[in-house]
């Protein structure tokens, strides 16, 4: 007990000291330039909160349960979730806001499943995934603006264009391993954003593109109320398609080769697999999924600007994949609900929302370093698992 | 020629700042093999702490600006060092043996936390600071164009050089530096030989953070405006500098920082200022393609 108190006291003191400059003083604008305001209570609050938090955390032993559900239970859970998602707009509590929010979550589920092909299956760390999302969104907006093509024609075009970008960007960098690859993809993501910001004549620069046409169904247009539900079903269909793609690919020789590549690149190469080709195909497949999601995003918002495609988006998507436990499709859904759905709910606390988001990200990683649902083992192996 | 010289002066100043941040990346990567994504935010914290400490010293204490700067320097180094220690203790230490992605995600989370912490506590508006160090001298004059070297730039360069020299001395000559290098080569063996590995790693974070804090102070004075978002781009560029010089190598980080600063200044001077960030990233990609181990790094041999 005494030790616990002491450790809590130390943690509180450390927090108070850490926060001293930024919590204790507030920079304010005044007539003569910047001025300072004192606010000692904030430091005291930090001391109190951290001390109490540490005291509680020390007493609390978080259960280290393995959520290793057997295969058929996972399957049933998946079916149940799909059914629930399909019926959601019909349920009594589901007003326009709920369906709208569910659409947002589903976009991230789809992006997560797409990125999972790259990160979870092939083991390539991609920090610039949002680049392909942006390519998809801008290609739909521009096709619609200049060639008056409909959403359904642009959708596959946007997917192909994003995949092409994946090939072009991936080709020079895929010789790199691990963290280097991560940093280069991050650089690519930023480069695409900078181009979108600065190529004003084509992309509208920071003002973005607006008046993007809404989708129709065989020529039928929708009222705003019906459109929310229509869009929801479109993204549900797209997301399920990506899910099916990922599940099927996993059983094809290429999916197995990806998993082998993730486990050991050198062994892969000595068995005659071509790592460059494998990496490129994984990169392009993931990019295609992001492109599809991007053009859906553009048609849903009706307005896009480079603001929507910052590194934060890539980080959120990667966090969804990793928190979900790489390779687990249901885990990604859970993580997307947790990271996107819940913060959307607390929109009023705009400022504190991202702060809480970051804290949750760190805490989940500390609690379960290999994700909420534990990471997936290779789909096929010789002999019993070690 | 005069124009070129002016850009080189600006570039070298900027390069020194990047180099100081890059040291933190390169040391942490060298010792535990992770990209400390929150390092850019430590630099941003340093910029804010410097601004607050300077204002507090001059407004509340009535000190003149030279004394104010000295107080700001000491306070900034102290507080960012503490932040570096705390970040490692809270977000990374427990993940030493976790899967490779876990510390990276935790670091990204930490970076989000720090950015938004500053936004919540200090507001999202840009914070301006009127120039504190005035004057300088003209090196050359050609017609109406003058090549200026301000006292501030000289100060930044001298301080950077002094810090880098001191730091190199610590790493090459002191017992602490020896322990640090040993841990970098083989942490398990170092532990067997009686080195407190956890402590060495903590010290690495503390030193790296203090250097990034100084860089933050310099940027506050040099540009005169800061906001809560400056850490991200500076962080990526400094990491680019570390990779360019060869990650894990100290002289490499300094050289890389200098090159990135020069490229950025010359590119904005001669081509377009909008695409200066793209220039820096293109350099990173080219280097990784043709010399993946960086300019001064050792090639990374994978053993089976």
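Mind grabbing the base-10 log of I(q)/I(0) for region A:147-222 at q = 0.14, 0.15, 0.19 Å⁻¹? Debye formula, identical points on the C-alpha positions, no solvent, two decimal places.
Log10 I(q)/I(0), no solvent term: -0.68, -0.76, -0.98.
Relative to the longest principal axis of chain B, what angle (0 to 90°, nearest 10) does the C-alpha long axis of helix B:276-290 take?
40 degrees
Report, in whole Å, the centroid distance computed from the Cα atoms of region B:129-181 and region B:188-206.
First find each Cα centre; the distance between them is then 31 Å.
Hey, what angle do you get for helix B:101-122 against the long axis of chain B, alpha-carbon based, 0 to 90 degrees rounded to 10?
40 degrees
Per q in 0.09 1/Å, what log10 I(q)/I(0) does a Debye calculation on the alpha-carbon atoms of chain A return?
Listed by q, the Debye log ratios stand at -0.63.
What is the gain in length, in nm to one decimal, between residue A:153 and residue A:351 on full extension, counting 0.36 nm per residue of separation less the C-alpha to C-alpha distance? Each step should come with its number before you reach the end.
Details: separation 198, 0.36 × 198 = 71.28 nm, distance 3.93 nm.
Stretched out fully, the residue A:153 to residue A:351 stretch lengthens by 67.4 nm.
Report the calculated FRET efficiency for residue A:96 and residue A:210 (r = Cβ-Cβ distance, R0 = 22 Å), to the nearest 0.05.
Working: r = 22 Å, r/R0 = 1.00.
Calculated value: 0.50.
With angles folded into 0 to 90 degrees, how steeply does helix B:250-270 sit against the dominant principal axis of chain B? Use alpha carbons for both and round to 10.
That works out to roughly 40 degrees.
Using the Kirkwood formula on the Cα atoms of region A:240-371, what hydrodynamic radius do you get, in angstrom to one decimal? Each step should come with its number before you reach the end.
On the way: mean 1/r = 0.0587 Å⁻¹.
Mean inverse Cα-Cα distance, inverted, gives 17.0 Å.
Pop the C-beta distance of residue A:270 and residue A:76 into the FRET formula with R0 = 51 Å and round what comes out to the nearest 0.05. Intermediate values should be presented prior to the final figure.
Numbers: r = 40 Å, r/R0 = 0.79.
In this case the efficiency is close to 0.80.
What is the Rg over Rh value, at two decimals, for region B:1-110, using alpha-carbon atoms and the Kirkwood definition of Rh? Could you put the intermediate results ahead of the total?
Values: Rg = 17.7 Å, Rh = 16.1 Å.
A ratio of 1.10.
Please work out the Kirkwood hydrodynamic radius for the protein assembly as shown, using every pair of different C-alpha atoms, and report it in angstroms with one decimal place.
26.8 Å
May I ask for the equivalent-ellipsoid semi-axes of region B:2-290, computed as the square root of five times each C-alpha gyration tensor eigenvalue and listed largest first in whole Å? Don't skip to the answer; put the middle values down first.
Details: eigenvalues 193, 103, 70 Å².
Sorted largest first and rounded, they come to 31, 23, 19 Å.
Rounded to the nearest 500, what is the 222 nm mean residue ellipticity of the protein assembly as shown from helices alone, with -39500 (n - 2.57) per DSSP H run of 4+ residues and division by all residues?
Details: 27 runs with 474 residues, N = 690.
Calculated from helices alone, the mean residue ellipticity at 222 nm is -23000 deg cm²/dmol.
Would you order A:161, B:45, A:10, A:197 from fewest to most other beta-carbon atoms within 10 Å of each residue's own beta-carbon?
Numbers: A:161 23, B:45 30, A:10 12, A:197 19.
Lowest count first: A:10, A:197, A:161, B:45.
Which three extents, in angstrom, do the Cα atoms of region B:84-155 have along their principal axes, listed largest first?
Principal extents (largest minus smallest coordinate, Cα): 62, 29, 20 Å.
Would you mind computing Rg(Cα) / (2.2 N^0.38 Å) for region A:89-195, counting N as its residues?
Ratio of Rg to 2.2 N^0.38 Å for region A:89-195: 1.27.
Arrange the peptides A:110-121, A:238-249, A:12-23 so that the one whose residues have, on average, the most other Cβ atoms within 10 Å appears first. Write out the running numbers ahead of the final one.
Numbers: A:110-121: 28.7, A:238-249: 17.9, A:12-23: 20.1.
Order by mean packing, descending: A:110-121, A:12-23, A:238-249.
If N is the number of residues in region B:36-84, what value comes out of its Cα radius of gyration divided by 2.2 N^0.38 Å? Don't jump to the answer; show the numbers that get you there.
Numbers: Rg = 11.5 Å, N = 49, 2.2 N^0.38 = 9.7 Å.
In units of the 2.2 N^0.38 Å rule of thumb, it is 1.19.
Kirkwood-based Rg over Rh for region A:174-262 (C-alpha set), two decimals? It would help to have the intermediate numbers written out before the result.
Numbers: Rg = 19.8 Å, Rh = 17.5 Å.
Expressed as Rg/Rh, it is 1.13.
Just so you know, all these numbers are worked out from the coordinates, no wet-lab data involved. As the structure is a prediction and not an experimental result, all values here were calculated from the model. A quick note on method: Cβ atoms are made from the backbone with ideal geometry, for glycine too, and the neighbour counts reach across all protein chains shown.
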